[in-house]
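Visitor: Pasting a structure here, questions to come.
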Amino acid sequence: MKVARQLFGKALVVLEHNNAKLNPSSLSAVSAASKFGDVSVLVAGKGCKAVVDEASKLSGVQNVLQVDSEEYGTLSPENFTTLVKNIQDAKSYSHIVSSHNAFGKSVIPRVAAKFGSMPIADVISIQDESTFVRSSYAGNALQKVKSTDSVKFVTIRPTSFDKAADGGSAAVEEVAAAGESGLSKWIADEVDTSGKPDLGSARVVISGGRGLKNGDNFKMLYDLADKIGNCAGMKLPIKCPLLQLEQHVLLLIQTGLPMTCKLAKLERLWHLNCTLLLVCLVPSSIWLA
């Protein structure tokens with residue numbers, strides 16, 4: 001007979017959003033945090049009520065901490081650091097979790113340093129409340145890490161965990177803002193308005209390299225991306241010596257983004273924890289790896 005393991009921890013998930021909608025990677029962070037016990041989520045932004053409503057409906061979430069203030073409208077990691085520290089001082093969570101992307105990688109280590117803890121980054125599996133598996137050496141080795149810190153600060157790889165579904169009805173609690181840190185200043189956002197998905201969420205990635213000869217031929221790449229739909233077209237440097245398929249892939253993964261696209265025969269690059277369909281274009285032909 002299999003006995004269910006009891007969970008006695010409580011986790012806080014720091015959610016990423018654009019003040020209108022949650023980032024899909026945050027849904028994976030919620031799912032991962034549920035392995036520790038009760039889950040609370042932090043929604044801090046400016047005019048982010050729609051995000052609070054979305055977060056409160058996520059399955060497995062017991063409590064939504066809402067902070068609506070100007071200094072969180074741009075997701076400044078310096079401002080979030082003070083806020084998360086204040087919340088942890090007041091509520092004593094056992095785990096603080098975020099997704100392993102630019103936002104999570106900026107916030108979690110900063111907060112961990114405030115508590116003298118070691119952040120556990122890019123977790124792909126959770127063994128128990130203190131034991132985690134993460135990849136290293138570009139995915140060629142897996143590390144099993146056991147933390148003895150009283151509070152665990154964790155970033156998870158979104159592609160390794162299911163996304164939390166709707167079906168919850170969490171309570172919403174307003175939390176006081178912590179104010180400006182004064183350590184950084186937001187100037188502007190430069191947002192891609194092409195309508196194409198970003199590299200981290202694209203279903204298919206199309207890459208063109210030196211074989212396209214010149215910049216005018218890259219139009220074929222974007223035309224094909226439009227026909228496939230939900231596809232990221234990636235323009236690589238024409239002069240780069242792309243002699244093998246693996247070199248195309250390495251240029252793609254140097255962005256540091258976890259990718260969720262579907263499939264090819266690249267199992268040895270499994271550190272993305274995804275499968276990759278890479279379409280390479282040359283003027284006379286199209287081939288799939």
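The values are calculated or read from the model by the stated rules, or taken from the named source; none is laboratory data. Since this is a predicted model, take the numbers as computed values, not measurements. Neighbour counts are summed over all protein chains in view; Cβ atoms, including those assigned to glycine, are modelled from backbone coordinates with ideal geometry. Ligands, DNA and RNA are excluded from the accessible area calculation, which covers all protein heavy atoms including side chains. Shrake-Rupley method; radii C 1.70, N 1.55, O 1.52, S 1.80 Å.
Visitor: As an exercise: evaluate Val175 against (1) open to solvent by less than 20 Å² (accessible area, probe 1.4 Å); (2) in contact with a Leu (Cβ under 6 Å, 6 or more places away or on another chain); (3) of a type outside the set (D, E, K, R) and give the number of the one condition it does not meet.
Guide: Looking at each condition in turn, Val175 falls short on (1).
Visitor: Same structure again: How do the pairs read when you match residues in region 1-24 that are charged (D, E, K, R) with residues anywhere that are at pLDDT 95 or above and surrounded by fewer than 17 Cβ atoms within 10 Å (Cβ to Cβ), using Cβ under 8 Å and keeping only pairs 6 or more apart or on different chains?
Guide: Close Cβ pairs (under 8 Å, with a partner that is at pLDDT 95 or above and surrounded by fewer than 17 Cβ atoms within 10 Å (Cβ to Cβ)) amount to Lys21/Ala50.
Visitor: Let me spell it out: the conditions are (1) at pLDDT below 95; (2) surrounded by fewer than 21 Cβ atoms within 10 Å (Cβ to Cβ); (3) touching a Leu at 6+ places or on another chain (Cβ under 8 Å), and Gln143 meets all of them except one. Which number is the exception?
Guide: Answer for Gln143: the failing condition is (3).
Visitor: Identify the residue in region 116-128 that is over 16 Å from Ser31 (Cβ atoms) and of a type in the set (A, V, I, L, M, F, W, C) and, among all such residues, is most open to solvent (accessible area, probe 1.4 Å).
Guide: Looking at residues that are over 16 Å from Ser31 (Cβ atoms) and of a type in the set (A, V, I, L, M, F, W, C), I get Met118.
Visitor: Looking at this structure, is Lys49 open to solvent by 10 Å² or more (accessible area, probe 1.4 Å) and either within 28 Å of Lys185 (Cβ to Cβ) or among the acidic types (Asp, Glu) (or both)?
Guide: Details: open to solvent by 10 Å² or more (accessible area, probe 1.4 Å): yes; either within 28 Å of Lys185 (Cβ to Cβ) or among the acidic types (Asp, Glu) (or both): yes.
For Lys49, the condition - open to solvent by 10 Å² or more (accessible area, probe 1.4 Å) and either within 28 Å of Lys185 (Cβ to Cβ) or among the acidic types (Asp, Glu) (or both) - is met.
Visitor: Next up: From Ala44, Ala113, grab the single residue that is of a type in the set (Gly, Ala, Ser), more than 23 Å from Ser160 (Cα to Cα) and surrounded by fewer than 22 Cβ atoms within 10 Å (Cβ to Cβ).
Guide: Working: Ala44 fails: surrounded by fewer than 22 Cβ atoms within 10 Å (Cβ to Cβ).
Exactly one residue qualifies, and that residue is Ala113.
Visitor: Turning to a different aspect of this structure: Sort through Thr74, Thr81 and tell me the only one that's in contact (Cβ under 8 Å) with a residue 24 or more places away in the chain, β-branched (Val, Ile, Thr) and open to solvent by less than 20 Å² (accessible area, probe 1.4 Å).
Guide: Numbers: Thr74 fails: open to solvent by less than 20 Å² (accessible area, probe 1.4 Å).
Exactly one residue qualifies, and that residue is Thr81.
Visitor: Let me ask something additional. Tally time: how many residues in region 52-71 are over 13 Å from Val175 (Cα atoms) and open to solvent by less than 20 Å² (accessible area, probe 1.4 Å)?
Guide: Step one: filter region 52-71 for residues over 13 Å from Val175 (Cα atoms), giving 53-62, 70-71.
Now narrow it down to the ones that are open to solvent by less than 20 Å² (accessible area, probe 1.4 Å): 55-56, 58, 61.
Final tally of qualifying residues: 4.
Visitor: Something else now. Report, by residue number, each residue of region 146-168 that is touching a strand residue (DSSP E or B) at 6+ places or on another chain (Cβ under 9 Å), open to solvent by 40 Å² or more (accessible area, probe 1.4 Å) and of a type outside the set (D, E, K, R).
Guide: Ala165, Gly167
Visitor: While we're here: From the residues in region 215-230 that are part of a helix (DSSP H, G or I) and open to solvent by 50 Å² or more (accessible area, probe 1.4 Å), which one is modelled with the lowest pLDDT? Explain how you work it out, then say what you get.
Guide: Start the filter on region 215-230 by keeping residues that are part of a helix (DSSP H, G or I), which leaves 215-228.
From what is left, the residues that are open to solvent by 50 Å² or more (accessible area, probe 1.4 Å) are 216, 219-220, 222-223, 226-228.
Numbers: Asp216: 78, Lys219: 76, Met220: 77, Tyr222: 74, Asp223: 77, Asp226: 73, Lys227: 72, Ile228: 68.
Across region 215-230, the extreme among qualifying residues is Ile228.
Visitor: Is it the case that Thr131 is at pLDDT 95 or above, over 16 Å from Val30 (Cα atoms) and open to solvent by less than 80 Å² (accessible area, probe 1.4 Å)? First the steps, then the outcome.
Guide: Values: at pLDDT 95 or above: yes; over 16 Å from Val30 (Cα atoms): yes; open to solvent by less than 80 Å² (accessible area, probe 1.4 Å): yes.
It is true that Thr131 is at pLDDT 95 or above, over 16 Å from Val30 (Cα atoms) and open to solvent by less than 80 Å² (accessible area, probe 1.4 Å).
Visitor: Another question about this same structure. In region 138-166, how many residues are farther than 19 Å from Val111 by Cα and assigned to a strand (DSSP E or B)?
Guide: 7
Visitor: Being touching a Leu at 6+ places or on another chain (Cβ under 7 Å) and assigned to a strand (DSSP E or B) narrows it down to one residue among Ser135, Ser125; which is it?
Guide: Sole residue among the options that is touching a Leu at 6+ places or on another chain (Cβ under 7 Å) and assigned to a strand (DSSP E or B): Ser135.
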